[in-house]
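J.: Pasting in a structure now, in C-alpha cells, and then I'll have a few things to ask.
The values are calculated or read from the model by the stated rules, or taken from the named source; none is laboratory data. Model, not experiment: these values are computed from the prediction. Neighbour counts run over all protein chains shown; Cβ positions are idealised from the backbone, glycine included.
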Amino acid sequence: MPSRSPDEAPLSLDHVVIVVDDLDDAISGFEAIGFHVERGGRTGPVHNALIYFRDGTYIELTTPVSSRLRRLFRLLSRLGLLRLLELLRPSLMQRFYCWFGGPVGLRDWCVRARDIATRIRQAEALGIEMHGAMPFHRTRPDGLVARWLLSGPTDRREPFLIEDITPTDLRVPHQTSPAHPNGVTGIHAVVLRAKPRLQLAGVSHRVVEEPGAPRLRLELSAEGGPKGILPRDRTARAWIEVV
C-alpha cells in the first residue's frame, strides 16, 4: 500500500503547555500526584520539564530560568506593552511572550505536522493568517540537541504547529520513559470553548460550550487508578481530569 505524502498525513496531537512560576515546585507537585517527570533542558532563556505518555504526547511544564525575567514579562503584560509589541511587530514569538506574561496554568497546545510549509499554505488557503515557520532547539540534560520548526495562526486560540528536524524520539523519548505510578497512559482530549478553524482531523480534541469554563482543559486516559479532576494546587492551576 503506498505511503501518504506529507500533505496527506493527518496531524496528530503533540503536547500541551503548562506555564509555571517555579519549575522545581511544579515537578514536585506533579510527582506528588503520581506522574513521572523528566527535565527537558533549555531553549534559550527558558527551561522545562516533560511528562511523556505512551501515545507519544506529553505535557510540558515551562518557565523562564530567571524568576526576574518571568516577573518582567508579567509587568510588560500588565502595562499592555506585550500587546503593543504584537501590533507593531507581529511574530510567532509574541505567542510565547504572552505565555510568560500571563498567569500559571494550561496556556497552549501543539499539533505535529510532517510538512509544516504545506500546512501553512493549506491554512492560508482557508483564510487563516499564519506566521512563517521558525527554527528552535532544546539542549537536553545529557547534552543532546533536539531541533524543530514551529508555526502557528496569528489567532492564539488556535493550536500551534511543530515539525521535527531531528528525529522525533530525540525530542519526545516516550518509549524509554517509565510508566506513571498513577496509571495515566496518554491524553484523551484537549477540551476547548470554541471550535478551531484549522483542519484537525485525527487530533484528540472536542468543544464544550460552558459559561465560565476555562479556555483550555485536559482529559487524560488511565489504566486503573483514581479518576476525576486532579488537585489544582498540584498542577499549577491547570484543569486536568483523568477519565
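J.: Take region 142-199 and flag every residue that is under 20 Å from residue 49 (Cα atoms) and among the basic types (Lys, Arg).
T.: Matches in region 142-199: 147, 171.
J.: Here is a follow-up. Among 33, 51, which is more than 14 Å from the chain's Cα centre (by Cα) and of a type in the set (A, V, I, L, M)? Full working, then the answer.
T.: Working: 51 fails: more than 14 Å from the chain's Cα centre (by Cα).
Going through 33, 51 in turn, just one is more than 14 Å from the chain's Cα centre (by Cα) and of a type in the set (A, V, I, L, M): 33.
J.: Of the residues that make up region 158-167, is at least one at pLDDT 95 or above, of a type outside the set (A, V, I, L, M, F, W, C), assigned to a strand (DSSP E or B) and surrounded by 15 or more Cβ atoms within 10 Å (Cβ to Cβ)?
T.: Yes, because at least one residue in region 158-167 is at pLDDT 95 or above, of a type outside the set (A, V, I, L, M, F, W, C), assigned to a strand (DSSP E or B) and surrounded by 15 or more Cβ atoms within 10 Å (Cβ to Cβ).
J.: Of the residues 120, 51, only one is among the aliphatic types (A, V, I, L, M), modelled with pLDDT of 95 or more and either in contact with a Cys (Cβ under 6 Å, 6 or more places away or on another chain) or within 18 Å of residue 177 (Cα to Cα) (or both); which? Break it down stepwise before answering.
T.: Details: 120 fails: either in contact with a Cys (Cβ under 6 Å, 6 or more places away or on another chain) or within 18 Å of residue 177 (Cα to Cα) (or both).
Result of the check over 120, 51: 51.
J.: Given region 171-222, what strands (runs of 3 or more DSSP E) lie entirely inside it while holding 3 or more residues that are among the hydrophobic types (A, V, I, L, M, F, W, C)?
T.: In region 171-222, the matching strands (runs of 3 or more DSSP E) lie at 184-192, 216-222.
J.: Specify which of the listed residues (67, 28) is of a type in the set (Gly, Ala, Ser), surrounded by fewer than 15 Cβ atoms within 10 Å (Cβ to Cβ) and more than 18 Å from residue 99 (Cα to Cα).
T.: Of the residues listed, the single one that is of a type in the set (Gly, Ala, Ser), surrounded by fewer than 15 Cβ atoms within 10 Å (Cβ to Cβ) and more than 18 Å from residue 99 (Cα to Cα) is 28.
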